[in-house]
């Protein structure tokens, strides 16, 4: 039994061995490394870092993609804008050339002659009206074709329309036959402003002795409000009671309009001027659009105190009030205006009723003003005493008092007064006055050393350095004014200082005179 058992066991083992797969000769058997290795694992933190990196790469790709799309879109829009601009230029050129033709024809003379009884006067009026029509036609062509002439400035095109009737016909009446002329002028103003005006170019429109009736104002108002008009001058036109609202609307609507001048247009009440002043204040205030100049010449009766108060409240740079019968009483708001040191740079008060006392009042007001560059007082009865009062407001024979005078304002209307403050530099004017006092008052030396007696020694270099600030061209005028203050006459030494020495010689003489004074008793006694 044992032998059979062994044989069976050998048979079973043999059967088991025969069931194992055969080993390939070309494949090396895998070498056992011992116990089986566990599978490789990745930590959660590493997975999160990997995910974040992939998300970042995805975001970067999206940004690049969006940037490319934006660039393509911008390029596309730029191309479209370029095509539109080109089309607009072509359209403007076509519109500029257009099909416009001048169809205006002067009205036959008989049209106006039949309206009057006196044949001579009728012919005169008819000729003046036909000339006005011709002037409007010429202006329309000038505006349409940008025909600048010798009357125009580099940046200002002047359009002047004047009725020259004379006699009893002092202005052109409103008439239906004039409507086409005004309408063509209005269209031409807009056309020039849109197609011909270069950067900085502006118009000046002057209307002289014409009646601006309601229908004419309705035609001109939108055109003037939309045009590049810098200055509007109205002489002897329709009374202001019918014009004030018209002008107020234009001032508010057109920021290009900076100068308004009214001449010989009677202003009878504050209500008539308020629409204009209100518009100017709005322009200079909340709207922030600068308004430069207001002219009212021969517009006020008896000075009109209330009207002058209203006009003085406008913060403008130039105010023209010539020939308005302004007297001592109505001058009061103007004096307050000067003394308050407003932005006003030019003030004209020519040909009014100002007297010597008014000159003294103006001189006192100027002492607190550092902005007014020019004041015109021509044609007033100021006499020699008035001139002297004005002179003392800008110059004085005493060095200390002189330092407190006005060093900027040019006073026009009396000989030499306008040359006291010769330069536009306050510092130069001061220096020129100081040196005039030092030299013109000296009797024996180049300098009047008695004036320098109380000046500290350490300030002497500052005094000498001021010679570079002098405006030598004005010295003769200053010397004459200084001598007039003292009631003295010009001597040879004054001519030497004013005429014989050039700029460099004056500086050397200043230095020499001061150095010589170090040993001269006049400086210390």
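Nothing in this text is a laboratory measurement; each read-out follows from the coordinates by a stated rule. The model shown is predicted, which means the values in this text are computed figures rather than measured ones. Because the Cβ atoms are built from the backbone with ideal geometry, glycine has one as well, and the counts that use them run over all protein chains shown.
Numerical summary
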{"item": "Protection proxy ranking, peptides 337-345, 483-491, 183-191, average beta carbon neighbours within 10 Å, highest first", "result": "183-191, 337-345, 483-491"}
{"item": "Gain upon complete extension [residue 72, residue 148; 0.36 nm per residue less C-alpha separation]", "result": "22.7 nm"}
{"item": "Protection proxy ranking, peptides 448-457, 311-320, average beta carbon neighbours within 10 Å, highest first", "result": "311-320, 448-457"}
{"item": "Segment residue 427-residue 454, length gained on full extension (0.36 nm per residue, minus Cα span)", "result": "7.5 nm"}
{"item": "Extended-chain gain in nm, criterion 0.36 nm per residue less alpha-carbon gap, residue 264 and residue 499", "result": "80.0 nm"}
{"item": "Relative packing of 160-166, 206-212, which averages over residues the other C-beta atoms within 10 Å, highest first", "result": "206-212, 160-166"}
{"item": "Shape metrics for the stretch 254-374, restricted to C-alpha atoms - Rg then Dmax, Å", "result": "13.8, 42"}
{"item": "D (Stokes-Einstein, µm²/s), Kirkwood Cα radius, the stretch 366-475, 0.890 mPa s at 25 °C", "result": "165"}
